[in-house]
Amino acid sequence: MSLNTKVRILGFAGSLRRNSYNKALLRAAQELVPKDAILETFDLDGIPPFNQDLEQNPPPAVKEFKSKIRQADALLIVTPEYNYSVPGVLKNAIDWASRPYGDNAFDDKPVAFASASIGMLGGARAQYHLRQMSVFLNMHPVNLPEVFVTFAPQKFDASGRLTDQDSRKFLAQLLENLVRWTRRLKGQGKEEARKKEIEVMAS
């Protein structure tokens with residue numbers, strides 16, 4: 001990946017609800033993505049319940065999902081919290097995309113997490129479970145900032161736009177860190193450092 005190549009991010013939300021706050025948060029991420037990155041989204045609607053009998057030849061929606069993951073340089077997962085954990089629809093999609101054994105589409109991917117909730121914790125427990133999953137999936141999560149949009153009805157307007165400025169600031173920083181982390185993991189950090197060194201020497 002060269003310095004002039006845009007980082008390709010695939011984002012998806014762990015909710016099927018049309019007016020989901022987390023889908024709205026994903027739309028906000030598209031507004032705030034850095035100029036040197038592209039954020040494409042994928043809707044998990046249409047992915048059927050996981051059936052191990054079909055994992056060697058999964059349904060078309062699963063094949064498309066896995067293909068999108070593999071084409072991306074990095075991932076952004078946005079999710080609500082259900083029962084102290086991730087929603088079933090998200091866990092189901094993760095199970096499909098990581099199977100069969102030896103064909104894990106998430107392998108070695110940089111990833112960032114964000115969540116929105118009507119409560120005071122903002123989906124924190126769901127994010128921590130995603131971090132646990134990342135260990136087995138061999139993904140590389142961005143650690144900071146942690147983006148928890150608490151009391152979501154107060155942070156989005158009637159059209160679903162994220163209006164809370166602190167939330168927008170933290171989400172923008174998360175995306176910047178994800179892009180930087182992705183470039184670093186792809187070995188571009190050394191290239192950037194060397195470029196700056198040359199610029200200093202030439203000045």
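Throughout, read-outs are computed from the coordinates displayed, never taken from laboratory work. These figures come from a predicted structure and were not determined experimentally. Here the Cβ is made from the backbone with ideal geometry for all residues, glycine too, and neighbour counts use every protein chain on show.
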Q: Please determine, by comparing only the residues of the range 24-57 that are closer than 18 Å to V89 by Cβ and without any contact (Cβ under 8 Å) to a residue 24 or more places away in the chain, which one is farthest from the chain's Cα centre (by Cα).
A: L54
Q. Restricting attention to the range 125-162, and to residues there that are over 25 Å from K186 (Cβ atoms), among the aromatic types (F, W, Y) and outside any strand (DSSP E or B), which single residue is farthest from the chain's Cα centre (by Cα)?
A. F151
Q) Which condition number does A74 fail, the rest of (1) without any contact (Cβ under 8 Å) to a residue 12 or more places away in the chain; (2) surrounded by 21 or more Cβ atoms within 10 Å (Cβ to Cβ); (3) not β-branched (V, I, T) being met? A) (1)
